[in-house]
Each structure stands twice: as structure tokens, then as C-alpha cells.
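Here is the structure we will look at, set down as C-alpha cells.
None of the figures in this text is laboratory data; all of them are computed from the coordinates on show. What you see is a predicted model, and the numbers here were worked out from it, not measured in a lab. Backbone-built Cβ (ideal geometry, glycine too); neighbour counts: all protein chains shown.
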Amino acid sequence: MVTEITVKSGEDLRKLRARVADSKVIGGIVARVLESQSQRAFLEQKLGDFAWPERYPNMEDPFINIAALVNWTNEGGTIRPRFFDRRPALMGSGGAGGLIGSISAEQRGDLVILGSDKEYAAMHQWGGTSSQPINETAKKTVGRFLGYEKKDGEWKRKNKPTEKQKAQDEKYHFRLLFLLGQDQLETQVNQRPFLGITDENEAEMAETIEAWVAKGES
């Protein structure tokens, strides 16, 4: 994009120079574009040309998002239908309280800082091995889902399984039962970058800054 600027007077030139040197406005444009694209990455399931892998890409059917389920039930949540969907990745907690809602960009002097205040953000940005606790609240919720209860320190079937329970066992019993005997869950986290500069937002920043410099509009 090339914008022609007509300078008719010394005052026009002064205003133009002021806009070029206005780091506060230009930094604000950069921050706004970066933050918007990072949030959009969750909806598009990609950042630039980097397409995000689905949840547990190597898991055969039936699928269950075990890490998100453990995290949610640790906090007292119930098992929700979204834990059985392969996508959208990184949105297992639902709503703005998750990673997508934590993205923010701010200007500090001549710098624009883009990031998240979530402790686990870097793990998803770069990938790695995640370890999370499995507390008693989570175990009780999983046990209830599978038809188990804890008696004398052991998890046992509450009742003879119904036909519905048998059908559920075929789907999820072998995927979840192990959680009742563990205190930690280790998960290999795939890289799903959501922070960074791409060709798309670089072009958007350039066009918006150019419009501001030319006309004072952003």
C-alpha cells in the first residue's frame, strides 16, 4: 500500500512530522493488531501459516480431552460434553476465563509487550511436557461418572453396571479409570503458538500506521 500525501504548507509538514514521531499512537496500533490476531488464533486454530494440531492428535476414537477434564474437575466442575470434542484446541475450559481471555498487549515506553498471565501459556506456545495434580475432588467426579465409589481406601463399583453403563465403559472406562489411582497426570503438549508477528499482522500494522501518518486516522 502506497499513500500519497500532499503537503500544502509548513503547518501540514509540522503535523505530518508530529504524527510520524507519535510513538504513543503508533505503539497503540501495534498493540491492538497483535492482541487481536492472538485472540483470533484461537478461533481460527492457527497463527499465520502454523496450523494447530487437534487435541491429542494421536488418540484413537473414542476421544476424550483428559488434561482439560482433570483441570476442570480439580476445581469442582462436572464432566461436560466439550471434553469429548477434538476441537477447538486450547479452549477446553470454555469462556473468557481460559487462555484466550488472558491475552493482552500494552505499551511500555517504546516497547509493546504482548503476552498472557496464565502460568501454562508458555507450555502451549512452545510445547513440552505438562504435569498437573489429580486431586480427590477430580477423582470423585470421575469415579461417579464411571459408576465407582471409594470404600476402605479402594475404588469399587457402586452397583452392577446397567446397559447404559456397559456402553459407557466401552467408550471411556479404559481412558479414565487409571485417573483414580494417580495423583499426577503427565501430558505431552503439542506446540500451538498464539503470540507472534505474522505476514498478515505485519501488513495490517503497516497499513494502519500509514493511514494514521497520512490522515491522522487509525
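General observations
- Gaussian network model of the chain, Cα within-10 Å springs - most flexible of K118, K151, K24: K151
- Listed residues T198, T73, T162, most fluctuating in the chain (Gaussian network, C-alpha, under 10 Å): T162
- The value given for segment 39-94 is a Kirkwood hydrodynamic radius of 12.1 Å, derived from the mean inverse Cα-Cα separation.
- If you wrap the tightest convex hull around every Cα atom of segment 90-218 and split its volume per residue, you get 165 Å³.
- Kirkwood hydrodynamic radius over Cα pairs of the chain, then Stokes diffusion coefficient at 4 °C and 1.567 mPa s, in µm²/s: 62 µm²/s
- For segment 81-149, the C-alpha radius of gyration sits at 1.53 times the compact-globule guess of 2.2 N^0.38 Å, with N the residue count.
- Net +/- balance of residues flanking K150 in space, Cβ distance below 11 Å, scoring K and R +1, D and E -1: +2
- For segment 168-184, putting each phi into the Karplus relation 6.51 cos²θ - 1.76 cosθ + 1.60 with θ = phi - 60° gives couplings of 5, 4, 4, 7, 10, 3, 6, 7, 10, 4, 4, 4, 5, x, 10, 10, 9 Hz, in residue order, rounded to whole numbers and with x for Gly and Pro.
- Part-to-part distance (alpha-carbon centres) for segment 154-218 and segment 1-69, which is given in Å: 21 Å
- GNM top mover of A21, A67, A138 - the chain, alpha-carbon springs below 10 Å: A21
- GluC sites (Glu not before Pro) restricted to DSSP loop in segment 85-176 with at most 11 other C-beta within 10 Å: E119
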